[in-house]
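Trainee: Have a look at this one.
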Amino acid sequence: MRLGVNIDHIATLREARAIYEPDPLEAVFIAKNAGADQITLHLREDRRHIHDSDVKRIVESSPLPVNIESALDEKVIDYLCAIAPQRITLVPEKREEVTTEGGLDLESHYDSIREVLKTFEAQGIATALFIDPKKESIFLARELGAQAVELHTGRYANLHLMKNTNLSRTHHRITELDLPPQELEAQIQKSLESIAQCAKLATSSMDTRALECFAGHGLNYQNVAAIAQIPYVSELNIGHSIIARAVFVGLDRAIIDMRRAMCQR
């Protein structure tokens, strides 16, 4: 299984002081040598971490494929098309959110998404849609002509955190998931089943071409193994947990540790 390392939060550290370091470009070469397969970046509308210049320098310099996450924002899309990374993944985006809260609403934005995907493919840019693990979203992604989907694992990750960590005792506890351990475990298993079923559906050929299936959001060293064992998922994109561990052990060790965690059974 491929590992895409999202390095957005290296830029978050830089922006906290509004200076020049740490530089996300430097992380690209460390990630490559540590065994990463891809670099992932999210160019947000508000540029809260990654900036245009980061994207340009990384796409031009990276020895690894670069996957850029983008909202349906005309200016961002025009900029990315001019740079032409290997892949663009369309994601939902709200200014007030701390991090991406769910998958794209494919039905509401059907026409816009279809036109943007056509534009990307005309320029030789691979396409993916970041979606919730729902069967209806898989069928819509096929209709729209996407080449791949990335299944949002955020709910699974949050359930896992509330059951297996101290999160429920902190000011960041997720109140709607403040449930008894047995209920949390049941919902974790239900969430895993939904992800596995959607991954299988996405990669089956059916009457149209199969989609490649990726997964990501909220994955960490404790919860990644169960997702990595789903045979229909070919790639995981992981950022925050890797960068958080890198603060203490270094980025190369953090990536190597994630590789090992993906292989645990």
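The values are calculated or read from the model by the stated rules, or taken from the named source; none is laboratory data. If you're wondering where the values come from, they're calculated on a predicted model, not measured in any experiment. Cβ atoms come from the backbone with ideal geometry, glycine included; neighbour counts cover every protein chain shown. Accessible surface areas use protein heavy atoms only, side chains included; no ligands, DNA or RNA. Shrake-Rupley method; radii C 1.70, N 1.55, O 1.52, S 1.80 Å.
Trainee: Out of the residues in segment 153-172 meeting the condition of being open to solvent by less than 20 Å² (accessible area, probe 1.4 Å) and of a type outside the set (A, V, I, L, M, F, W, C), tell me which one is farthest from K118 (Cα to Cα). Give the derivation first.
Mentor: Step one: list which residues in segment 153-172 are open to solvent by less than 20 Å² (accessible area, probe 1.4 Å), which gives 153-154, 156-157, 159, 162.
Add one more test, that the residue is of a type outside the set (A, V, I, L, M, F, W, C), and what stays is 153-154, 156.
On the way: T153: 27, G154: 28, Y156: 32 Å.
Ranking the qualifying residues of segment 153-172, first place goes to Y156.
Trainee: Name the single residue, out of those in segment 222-243 being out of contact with any Leu (no Cβ under 9 Å at 6 or more places or on another chain) and without any contact (Cβ under 8 Å) to a residue 40 or more places away in the chain, that is least open to solvent (accessible area, probe 1.4 Å).
Mentor: Once the filter is applied, the top-ranked residue is Q229.
Trainee: Any residue at all in segment 229-246 that is in contact with a Lys or Arg (Cβ under 9 Å, 6 or more places away or on another chain), under 16 Å from T165 (Cβ atoms), of a type in the set (D, E, K, R) and at pLDDT 95 or above?
Mentor: There is at least one residue in segment 229-246 that is in contact with a Lys or Arg (Cβ under 9 Å, 6 or more places away or on another chain), under 16 Å from T165 (Cβ atoms), of a type in the set (D, E, K, R) and at pLDDT 95 or above.
Trainee: So, in segment 127-142, how many residues would count as being outside any loop (DSSP other than H, G, I, E, B) and either open to solvent by 30 Å² or more (accessible area, probe 1.4 Å) or among the small types (G, A, S) (or both)?
Mentor: Start the filter on segment 127-142 by keeping residues that are outside any loop (DSSP other than H, G, I, E, B), which leaves 127-131, 135-142.
From the residues that got through so far, the ones that are either open to solvent by 30 Å² or more (accessible area, probe 1.4 Å) or among the small types (G, A, S) (or both) too are 128, 135-137, 139-142.
Total meeting the criteria: 8.
Trainee: Considering only segment 39-50, state which residues are farther than 13 Å from I83 by Cβ and not charged (D, E, K, R).
Mentor: Residues of segment 39-50 that are farther than 13 Å from I83 by Cβ, as a first pass: 39-40, 42, 44-49.
If the condition is that a residue be farther than 13 Å from I83 by Cβ and not charged (D, E, K, R), then I39, T40, H42, H49 are the ones that fit.
Trainee: For residues that are in contact (Cβ under 8 Å) with a residue 12 or more places away in the chain and under 13 Å from A226 (Cβ atoms), scanning just segment 173-199, find the one that is surrounded by the fewest Cβ atoms within 10 Å (Cβ to Cβ). Even if it seems obvious, please write down each step before you answer.
Mentor: Within segment 173-199, the first condition is being in contact (Cβ under 8 Å) with a residue 12 or more places away in the chain, and the residues that meet it are 174, 177-179, 181, 184-185, 187-188, 191-192, 194-199.
Subset that is under 13 Å from A226 (Cβ atoms): 185, 188, 191-192, 194-196, 199.
On the way: E185: 15, I188: 21, S191: 20, L192: 20, S194: 17, I195: 24, A196: 19, A199: 24.
Top of the filtered list is E185.
Trainee: Could you check, for segment 206-223, whether at least one of its residues is part of a helix (DSSP H, G or I) and at pLDDT 95 or above? Give the steps one after another, and end with the answer.
Mentor: Pass one, segment 206-223, residues part of a helix (DSSP H, G or I): none.
There is no residue in segment 206-223 that is part of a helix (DSSP H, G or I) and at pLDDT 95 or above.
Trainee: I'd like the full set of residues that are surrounded by fewer than 21 Cβ atoms within 10 Å (Cβ to Cβ), assigned to a loop (DSSP other than H, G, I, E, B) and either touching a Cys at 6+ places or on another chain (Cβ under 8 Å) or not basic (K, R) (or both), limited to segment 42-56.
Mentor: Selection gives E45, D46, H51.
Trainee: On the basis of being assigned to a loop (DSSP other than H, G, I, E, B), on the phi < 0 side of the Ramachandran plot and of a type in the set (G, A, S), does G4 make the cut? First the steps, then the outcome.
Mentor: Numbers: assigned to a loop (DSSP other than H, G, I, E, B): no; on the phi < 0 side of the Ramachandran plot: yes; of a type in the set (G, A, S): yes.
In short, no.
Trainee: For the structure I just gave you, tell me whether I39 is surrounded by 21 or more Cβ atoms within 10 Å (Cβ to Cβ) and β-branched (V, I, T). Please lay out each step first, then the result.
Mentor: Numbers: surrounded by 21 or more Cβ atoms within 10 Å (Cβ to Cβ): yes; β-branched (V, I, T): yes.
Answer is yes for this residue.
Trainee: Of all residues in segment 54-79, which are of a type outside the set (V, I, T), touching a helix residue (DSSP H, G or I) at 6+ places or on another chain (Cβ under 7 Å) and modelled with pLDDT of 95 or more?
Mentor: Restricting attention to segment 54-79, the residues satisfying the condition of being of a type outside the set (V, I, T) are 54, 56-57, 60-65, 67, 69-75, 78-79.
Remaining after also requiring touching a helix residue (DSSP H, G or I) at 6+ places or on another chain (Cβ under 7 Å): 54, 56-57, 61-64, 70, 72, 79.
If the condition is that a residue be of a type outside the set (V, I, T), touching a helix residue (DSSP H, G or I) at 6+ places or on another chain (Cβ under 7 Å) and modelled with pLDDT of 95 or more, then D54, K56, R57, S61, S62, P63, L64, S70, Y79 are the ones that fit.
Trainee: Tell me, yes or no, whether segment 132-142 has at least one residue that is closer than 15 Å to I230 by Cα, at pLDDT 95 or above and within 19 Å of the chain's Cα centre (by Cα).
Mentor: Pass one, segment 132-142, residues closer than 15 Å to I230 by Cα: 133.
So of that shortlist, the ones also at pLDDT 95 or above come out as 133.
Narrowing further to those that are within 19 Å of the chain's Cα centre (by Cα): 133.
Yes - at least one qualifying residue is present in segment 132-142.
Trainee: What about E21, is it at pLDDT 95 or above, in a helix (DSSP H, G or I) and either loosely packed, with under 14 Cβ neighbours inside 10 Å or on the phi > 0 side of the Ramachandran plot (or both)? Steps first, answer last, please.
Mentor: On the way: at pLDDT 95 or above: yes; in a helix (DSSP H, G or I): no; either loosely packed, with under 14 Cβ neighbours inside 10 Å or on the phi > 0 side of the Ramachandran plot (or both): yes.
So E21 does not fit the description; no.
Trainee: Being closer than 17 Å to M1 by Cβ, touching a strand residue (DSSP E or B) at 6+ places or on another chain (Cβ under 8 Å) and not in a strand (DSSP E or B) is the filter here, so list the residues in segment 25-41 that pass it.
Mentor: Correct list: A31, G35, A36, D37.
Trainee: Please enumerate the residues belonging to segment 225-265 that are of a type in the set (S, T, Y) and outside any helix (DSSP H, G or I). It would help to see each step written out before you state the result.
Mentor: Looking only at segment 225-265, we keep the residues that are of a type in the set (S, T, Y), and these are 232, 234, 241.
Within segment 225-265, Y232, S234 qualify.
Trainee: With the structure loaded, tell me whether G145 is buried (at least 20 other Cβ atoms within 10 Å of the Cβ) and at pLDDT below 95 or whether it fails that test. Explain how you work it out, then say what you get.
Mentor: Numbers: buried (at least 20 other Cβ atoms within 10 Å of the Cβ): no; at pLDDT below 95: yes.
No: the conditions fail for G145.
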